Amino acid sequence: MVAERAGYTVTMFVVDVSKSMGATRTVALPPGPNGEERFAEMTHLQYALQYVKFKIQDMIYGARKTDQCGVVIFGTEETDNQINAQHGGYENVTEYIPICTPSAATLRELDELEPSEVFGDPVDAMIVAVEAQNKHLGKKKTWTRKVILVTDGEGPIELEDWEATANKLNELSIALTVVGVDFDDQEFDYVQRDKPDFKRVNEEFFRNQFCPKVNDSVIGNLDRVLEQISLPDVKTSRSTLMNNVLRIGDVDTRTEEAMEILVKTCKCTSINRPKAFKKFAIRPKTAQEEEAEQQTMNADDGDENKVVTVTYAQLKARTEYYVDKSDGKEDEEDQVKIEEDGEPRPEDLEKVEKEELIRGFKYGTSYVPCPEGQFPKLPTKKGIDLIGFIPEKKFRREYAMGEVQYIWGNPDNPTAQCALSSVVQAMYEKGVLAVGRWVTGDGRDPKMGVMSPALFEKVHCLLWVPMPFADDVRKYTFPSLDELRNKKGEIVSEHAYLPTETQLEAMDDFVDAMDLMQAGDKDEQGNRTEWLDIRDSYNPSFHRLKQAMFHCAVVSDLDTNPLPPPHPELLKYFNPPKKFVKKAQSTIDNCIKVFNIKHVPKVIKVARKDGHNHANDDDDEMLLLDRKPSTSKPSQSLSQAKISSKPAEDGSETEDDDEDGMLIDKAEPTPRPNPLPTPARSLNNDDDMDIDPQRDPDRVIGRTNPLADFRENLERGDIVTKVVEDMSAVIQEVILAPFASRRSKEMIECLIELREVCLQEDEVDAWNSFLPSLRRMCIDSSPGNKVFWSEVRNFGRALSLISDKEAEKNGGSSQFSETQATEFLK
Amino acid sequence: MSHLLFLCDLFYILTYLLLMAPYDDWNRVDEDEEDELQDAAFFDAKKDVILFCIDCSPSMLALRPDHEDETKMTSHLYAALNSAMNLQKRKVVTGPNDSFGILLFNTTRKPDTPRTQGSEIKKNMFLYQPIGPISAPTIQELIQLLNAAQEDSDEIQKQFPPCDSRVAMGDVFTSCNWVIRDGAPKTATKRVFLITDEDDPHPLSKQLKISAQTTLEDLAQAGVIVEPFFIQSEDRRFDVTKFYSSVLQTNAFADDVDSDPSILNQSISISRIEDLLSQMKFREVAKRALFNIPFELAKGLTIGVKGYGLVTEQKKGEYKYFVDLGDRLEAATVKTGQLDEDRQVEVDKSNIVYGMAVVGAAPSNDDAEDDSMAATKVVKSGQRPFYTADEMRSFRTLGLEPGLKLLGFKPRDTIKFEDNVKHSLFLYPEENTYAGSKRTFSALLKSMIKKKVVGLARGVLRRNSTPTIYAVLPQEEDVDEMEPAGFHIIPLPFADDIRSAPIDEGYIGQGSGLDKQDDNKIWLSLAFHYDQLEASAFREEFNPHAFEDLTEPNVDLIHAKAGKLLKEWKVELANDDSATLVIPVTGSKRKPDDASNDGIDVAEIKSRFESGSLMKLKVDQLKAFCRSQNLSTSGKKADLIQRVEDWCNSH
């Protein structure tokens, strides 16, 4: 479908403001915050103006100078129109807004309309409107003319000369729309009860006499058209054809063997972005204004018309440039300070005018000034150069980088069309895509892309999609999903990360059940159709924002008249059809069962308390680094001067009280001669330990009762490694916390069980690396817990490193000899 | 040395200044934000620090025949330094804010001047290049050394004499820690590229192994990731299990927080020395996730995924503004605020509300001065005509929280070539929020590959982005090609984004005058390797004379392989009916019965040009001809004739 020429239209709104339009009606509003039903009282006129304002708003949104409108009202007490001025008659008709490109001011003028105490004739008003339109357009024949009549049809109509009016509309090929307040509408299934007889007569006149006589006319009920306009509509915009040339081979020196095809290109897809909203803010009143207001209030005491107003000012972006003119040779301390704050101190900044600035690039440590246009451009030549062909199979869909373009043979040049068509056909038959280099103009940067043949019924063309340069592709490495190796380098065939046969089967069933090709509605033959067609999908944000923008332009208070909910059409692809999901439910349930995915409570970020290397990064990469408590190292002593004794801001609110207490103690910024990083707590925090003792046992061991958690988790069997790791972390944390002595007995028990499990479950290495680390924590770190370590030592050999002998007995291996193990605890 | 450190500090300040620019720009557009903008800001704001930590053991220094040039002798160390240099050069353009350093170990070379600032490093280690931003002089220095080594293959050994016994790896890691701490900005991603060919540095001492392990933990604690590059040669295999697999255990890939300690760390790469540079290029940019969101396959079946941008347009680098202070250039800080123009006051962000533009001063405002610049809207006290920022966000997201929701599956070929508007993103499972994500993800991937289907999903990837429908394209793991397993998600266009074809009829080449067989041969003989596509060096240093535009078609090859066929094809085309078709003339003033206005063809134009009778043609005819040749149709008749004559002269 070729889109209608946008703009070049004059729309005349003919609005009824007669006495009857002042009758009030109750209009349903969107439900309130608690779902309660809400209604608003408004006059017919206010209700009808919503439609007019919406239409005008649409023009403003489109922002086309050639999309113009005028407003004629009838039923006014005064008479003010050109025909009356010249020939008399046509009373109670006012040319309210002269034809112009509408703006927000147009809407504001409409807001000021009030129903009158008299009646006016709609046909008279239409004649005035048509006359004004004709006068305005003069000889411009190509412009589209529209008249939209909005009335309740309750006023008297002069039924004599209406046919001449209808003929005039046809003669000027004007499209007429009649919108009736509470008109009966079969399609809408609406019949107004207790309709006054004269209104019925008027309605019938419009429906059965006037409209049929006008070639291009529609008539509808106001409620229906208001509902219709809330439907999202897709503006089909016609893409502009751009000249270009498709080159094959060297056309400059080897013309005989080279080919140039004259082509036109245009957009095939183009992201349609919503219009930007303007920014506003309440303008604070100056003392003067305040006073003036107070005075008028006092003076006109009792005058109802004087109301307190609030002014919103539209804001404008302002960009200012500052430069740090202090020559940067300050003492080191200052430098450090700047670094810590992350920005220079404001007092050093001096404002500079934009004119003084030089544009430039950063090149390593130096700056390269580059006033506009100074860098030489690439000596490229406009055109699309064919580089070669690749089999369609080799095309990587995920490399397609942007919007798609059509490439057509020049529509006025049959030779070019023929040449392009033959290329397209050959490519199609051979199943290849062309690789090309596109330069939009001489000296412009080239783009690389792939062209695919497209064979429409009556025309052939190429479709172009841009592809990445080598620099645009990031080759990140990701661990294999299939090939897991244990520490010995052997491939592991069973692991919690690897799906089992049962799981694979369950997933196959799920994928089959979720096939969308049969998920749509039934067609005429009763066959289920495909569901989800992007050619039928509205951009929900775009239309929602547009709706919001229109709404706030037509209502004056968003609290009493809030934005209605989004049109259901916008949300139709948010979830698969209910029936369809219901059919697939058994496979879904099966997947839920066999995959047994557990949600892990969100881990609260632990701020690193290691002063110097403080990494306040906002991403979660740092989490890992906090897993292992820090060890004491001379390397950290150097950073002592800068240690920021940041209080433990680890978001402890979900911790149990006990923990909170500990952390606060820890955070006391007592300057120590050799402050060491406070051991960070394990990631595997038992956030909700105290909330739910029966909580998900999958991954975490709590601090409150680690042993119980440990045992419970081990029974599940498949997560030994995790359990051991978590247990180790918990033990270290507990013994390093203040008042750990209260729990040292319990911790020894934990150690005994942990060691036993490590020995049995081939986690020997885990234990053997844990124990030295525990020793370091207890002895070398500060405050540490030397007492606890001596308790471990007192316990003796049975808690020491696992020796090779012990390990072998249990089918494992260890790097420590029996002697080393014995020595370790001495 | 103090001077050097001072420079480093200065560098932080400068980078902070510079960094503010992209952030401010980003803030300015946040309402109309689009995902790409955020991506760009995200990457710009991150700095990479890479410390090359290179072994100088006798085996690294041993001279071997160059794999490219058999007559030359080269060493692993030379190759390692060369790779380091090349990587720095590349980074000048792609990441000018990044920092590098080179630390050598197992050498007796002593620092030229004792360090007075920062920490002393351990014995038998040499800090060849302290961590600092990329700068031409440091690269030059390295290039000079490499050139000298080319001349005299012993040069490197002279510069960095090996020591008798190996340095403890624990000491190496500790030194790395100190060097990075002294030189790296705190918010940077810090990595050590460890290059060695010794798979068992301490065969006899368990103690040294444990110390290596613990010092590595410290390094991890300090936020440093060690990325090992182990070099093996034909005669010497590198066995990770001897020493490194247990040592590197604590150094899990920073991104994969969930890695299971019982499983070997896969960030280890073992390669031949020739592949070192390409291996490094793979790891050149630190891997960063763009988002971490839940992926709901069905109600009650949700897994965790992380998203990565594998294909993003690398921008040429943004302009920065500088002020010439006479002795130096200083970058300017950009501050953007929202201003009430009449009052000249900046408005705090939290007070801004959003709505339609208003025009002029409000008529009801009696005090409105004529010269007021800002448009205002006056409402009764208590009325609210504008939306808050939160409301705006809910309009944009339609109240959806970040996450992906699977809608179902379709056969793979339902995703058309033209269903594209933006680059794709890559999904990889994330085990931390949903335990069991990896197995489920893996099973889904296998199943989709087996059944040749794509998924369709609705997603909001970030807090403020628009709901979009994505095609979920499975990618099979390919170890040889370094293709990871995962899903590509391709944003699909909405109906609003799709333009209809403006041309629905055209001349279609028919068999009569055109031998298609011939055509096909042309296309096939030009078959081209796909990888060529990615070739580009645009973002490299630019020297217009030496610059080679790799994207230019290889015309010699085209003519060698297909020149003759092209020639034949042209002849066929010329014989085709279309060549003799007249160009229809369309014009508003055309009279239907005027025979001379019916059309115009190339032959007629040419003959009229020769006879000098172009003037006799009508404007509409000239215009029609111009249109058919992609020429402009503007101007008077004389302009048109001039244009047509120019065309005739060049054809």
What pairs come out if I take residues in region A:1-16 that are within 13 Å of another protein chain (Cβ to nearest Cβ) and farther than 19 Å from A:Glu114 by Cα and pair them with residues that are at pLDDT below 90 and assigned to a loop (DSSP other than H, G, I, E, B) whose C-beta lies under 6 Å away, six or more apart or interchain? A:Ala3/A:Thr236; A:Ala3/A:Arg238
Answer yes or no as to whether B:Thr174 is touching a Lys or Arg at 6+ places or on another chain (Cβ under 8 Å) and at pLDDT 85 or above. yes
Please give the number of the condition B:Ala222 fails out of (1) more than 9 Å from chain A (Cβ to nearest Cβ); (2) under 32 Å from the mean Cα position of the chain (by Cα); (3) open to solvent by less than 20 Å² (accessible area, probe 1.4 Å). (1)
Would you say A:Cys552 is of a type in the set (A, V, I, L, M, F, W, C), closer than 30 Å to B:Pro493 by Cβ and either modelled with pLDDT of 50 or more or open to solvent by 50 Å² or more (accessible area, probe 1.4 Å) (or both)? yes
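Going through region B:324-339 one residue at a time, which ones are open to solvent by 40 Å² or more (accessible area, probe 1.4 Å), out of contact with any Phe, Trp or Tyr (no Cβ under 8 Å at 6 or more places or on another chain) and free of Cβ contacts under 8 Å to residues at least 60 places away in the same chain?
Scanning region B:324-339 gives B:Asp324, B:Leu325, B:Gly326, B:Asp327, B:Arg328.
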Please indicate, with yes or no, whether at least one residue in region A:728-747 is within 18 Å of B:Ile210 (Cα to Cα), among the hydrophobic types (A, V, I, L, M, F, W, C) and open to solvent by less than 10 Å² (accessible area, probe 1.4 Å). no
Kindly provide the set of residues from region A:559-580 that are facing chain B (nearest Cβ under 8 Å), open to solvent by 40 Å² or more (accessible area, probe 1.4 Å) and in a helix (DSSP H, G or I), ordered by number. A:Leu571
Just wondering, is there one or more residues in region A:397-410 that are more than 7 Å from chain B (Cβ to nearest Cβ) and at pLDDT 85 or above? yes
Filtered residue count, region A:778-798, keeping only those that are surrounded by fewer than 20 Cβ atoms within 10 Å (Cβ to Cβ) and assigned to a helix (DSSP H, G or I): 12
Which numbered condition trips up A:Cys461, out of (1) open to solvent by less than 20 Å² (accessible area, probe 1.4 Å); (2) over 24 Å from B:Ala574 (Cβ atoms); (3) modelled with pLDDT of 85 or more? (2)
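Go through the residues of region B:164-182 one by one and say whether even a single one is farther than 16 Å from B:Leu104 by Cα, at the interface with chain A (Cβ under 10 Å from one of its Cβ atoms) and out of contact with any Asp or Glu (no Cβ under 8 Å at 6 or more places or on another chain).
Taking region B:164-182 as the starting set, the residues that turn out to be farther than 16 Å from B:Leu104 by Cα are B:181-182.
Within this subset, residues satisfying the condition of being at the interface with chain A (Cβ under 10 Å from one of its Cβ atoms) are B:181-182.
Now drop any that are not out of contact with any Asp or Glu (no Cβ under 8 Å at 6 or more places or on another chain), which leaves B:181-182.
Yes, because at least one residue in region B:164-182 is farther than 16 Å from B:Leu104 by Cα, at the interface with chain A (Cβ under 10 Å from one of its Cβ atoms) and out of contact with any Asp or Glu (no Cβ under 8 Å at 6 or more places or on another chain).
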Checking B:Lys416 against (1) at the interface with chain A (Cβ under 7 Å from one of its Cβ atoms); (2) open to solvent by 10 Å² or more (accessible area, probe 1.4 Å), only one condition comes out false. Which one? (1)
Looking only at region B:474-495, which residues are out of contact with any Leu (no Cβ under 9 Å at 6 or more places or on another chain), within 9 Å of another protein chain (Cβ to nearest Cβ) and surrounded by fewer than 22 Cβ atoms within 10 Å (Cβ to Cβ)? B:Val479, B:Met482, B:Ala495
Got at least one residue in region B:136-154 being open to solvent by 20 Å² or more (accessible area, probe 1.4 Å), within 18 Å of B:Ile180 (Cα to Cα) and within 14 Å of another protein chain (Cβ to nearest Cβ)? yes
Go through region A:418-461 and report how many residues are hydroxyl-bearing (Ser, Thr, Tyr) and closer than 21 Å to B:Ser628 by Cα. 3
Residues of region B:434-463 satisfying the condition of being of a type outside the set (A, V, I, L, M, F, W, C), open to solvent by less than 10 Å² (accessible area, probe 1.4 Å) and within 7 Å of chain A (Cβ to nearest Cβ): B:Gly436, B:Ser437, B:Thr440, B:Ser442, B:Ser447
Looking at region B:469-490, which of its residues are touching a Pro at 6+ places or on another chain (Cβ under 7 Å) and either assigned to a loop (DSSP other than H, G, I, E, B) or of a type outside the set (Phe, Trp, Tyr) (or both)? B:Glu477
Within region B:379-413, of all residues that are in contact with a Pro (Cβ under 6 Å, 6 or more places away or on another chain) and more than 7 Å from chain A (Cβ to nearest Cβ), the one most open to solvent (accessible area, probe 1.4 Å) is B:Leu400
Tell me, which helices (runs of 4 or more DSSP H) wholly within region A:96-189 include 2 or more residues that are open to solvent by 40 Å² or more (accessible area, probe 1.4 Å) and under 27 Å from A:Ala63 (Cβ atoms)? A:104-111, A:122-137
Tell me which residues, restricted to region A:748-777, are open to solvent by 50 Å² or more (accessible area, probe 1.4 Å) and not in a helix (DSSP H, G or I). A:Glu761, A:Asp762
Which number in (1) more than 7 Å from chain B (Cβ to nearest Cβ); (2) open to solvent by 40 Å² or more (accessible area, probe 1.4 Å); (3) under 33 Å from the mean Cα position of the chain (by Cα); (4) at pLDDT 85 or above marks the one condition that A:Arg528 misses? (4)
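The values are calculated or read from the model by the stated rules, or taken from the named source; none is laboratory data. Every value quoted in this text rests on a predicted model; they were computed, and no experiment measured them. All Cβ positions, even for glycine, are placed from backbone atoms using ideal geometry, and neighbour counts span all protein chains on display. Just so you know, the surface numbers come from the protein's heavy atoms only, side chains and all, with ligands and any DNA or RNA stripped out. Shrake-Rupley method; radii C 1.70, N 1.55, O 1.52, S 1.80 Å.
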